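Next up is a structure, given as structure tokens.
The values are calculated or read from the model by the stated rules, or taken from the named source; none is laboratory data. This structure is a prediction, so every number in the text was calculated from the model and none was measured. Cβ: placed from backbone, ideal geometry, glycine included. Neighbour counts: every protein chain shown.
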Amino acid sequence: METNNDKIFRNFFSEHKQDIADDGFSEKVMTHLPERGRKTEWIIPVFTLIGMLITLALVNVREMIYQIFGLLSEIPLYYLIGTFMLFPIVALLVMFYLNREHQLV
């Protein structure tokens, strides 16, 4: 709940607002600060490894490889060539996205 004093203070400070010149000081301070390290970076690789190990234990890998190659042999050759030609484009887009994401942080 706002009182009359709050309104008076807000009006006074809004009327007498002063900006102090920064002259690049904030940017210099930000460049000298250490980067924040995330302490949870280990979670994704560890759980990925655990998932891979569980999958290898539960799945017949040899049969799966035979099925994958059987499915790939049914796909027309020009589709496979087109798919492999798209890999550099997709990798380039991912690289640009990751580079932009790290520059914004």
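With the requirement that a residue be surrounded by 10 or more Cβ atoms within 10 Å (Cβ to Cβ) and not in a helix (DSSP H, G or I), what does segment 61-91 give you?
Ile75 - this is the single residue of segment 61-91 that is surrounded by 10 or more Cβ atoms within 10 Å (Cβ to Cβ) and not in a helix (DSSP H, G or I).
Pick from Lys7, Lys28: which is modelled with pLDDT of 85 or more, basic (Lys, Arg), under 30 Å from His102 (Cα atoms) and surrounded by 10 or more Cβ atoms within 10 Å (Cβ to Cβ)?
Residue meeting the stated conditions: Lys28.
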